[in-house]
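A short worksheet on the structure shown next.
The values are calculated or read from the model by the stated rules, or taken from the named source; none is laboratory data. Predicted model, so just to flag it, every value in this text is computed and none were measured. Cβ: placed from backbone, ideal geometry, glycine included. Neighbour counts: every protein chain shown.
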Amino acid sequence: MSSEAPRTGMPGHFGIRITEATKDRLTGEMDADEAARVAEMLGLELAVACHYLAPDDEVERFLRLVPLYDTTGRRRVVAPLVGETLVVDAGSHSIEGRSAT
């Protein structure tokens, strides 16, 4: 039996939830909070927003929450747009196809 205290604010499990299929959201996905917490639980170096056709409030929320839950201070988070290519190489990343603004 583990003597580690449970983390506060964490749900007891993560699962796939079927959501309504609309033109900008796919079904069976985690919400932004769940995904940001899973990035922390898995110790990801790079968290990538996905399952959207255009950035919306949930994508923006994910981009805000990933650094909030990051206990390492090193986690990076990106939200590529449709048609962009995420290139990950030896601890760095870039997005090809992103126009300068």
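In region 32-53, the qualifying residues are those that are under 9 Å from the mean Cα position of the chain (by Cα) and part of a loop (DSSP other than H, G, I, E, B), and the one that is modelled with the lowest pLDDT is Cys50. For residues that are β-branched (Val, Ile, Thr) and out of contact with any Lys or Arg (no Cβ under 8 Å at 6 or more places or on another chain), scanning just region 26-78, find the one that is nearest to Ser94 (Cα to Cα). Going through the qualifying residues, I end up with Val78.
Scanning region 30-70 for residues that are more than 16 Å from Pro80 (Cβ to Cβ) and among the aromatic types (Phe, Trp, Tyr) returns a single hit, Tyr69.
Within region 67-101, can you find the residues that are in contact (Cβ under 8 Å) with a residue 24 or more places away in the chain, within 19 Å of Val38 (Cα to Cα) and loosely packed, with under 11 Cβ neighbours inside 10 Å? Selection gives Leu68, Thr71, Thr72, Arg74. Of all residues in region 71-101, those satisfying the criterion of being under 11 Å from Leu46 (Cα atoms) and of a type in the set (Val, Ile, Thr) are Val77, Val78, Val88.
When Leu63 is tested against (1) farther than 19 Å from Ala32 by Cβ; (2) modelled with pLDDT of 90 or more, only condition (1) is not met.
In region 37-56, the residues that are under 15 Å from Tyr69 (Cα atoms) reach residues that are surrounded by 12 or more Cβ atoms within 10 Å (Cβ to Cβ) and among the charged types (D, E, K, R) with C-beta atoms within less than 7 angstrom, at least six apart or across chains, in these pairs: Ala39/Arg75; Glu40/Asp70; Leu44/Arg75; Glu45/Arg75; Glu45/Arg76; Leu46/Arg76; Ala47/Arg75.
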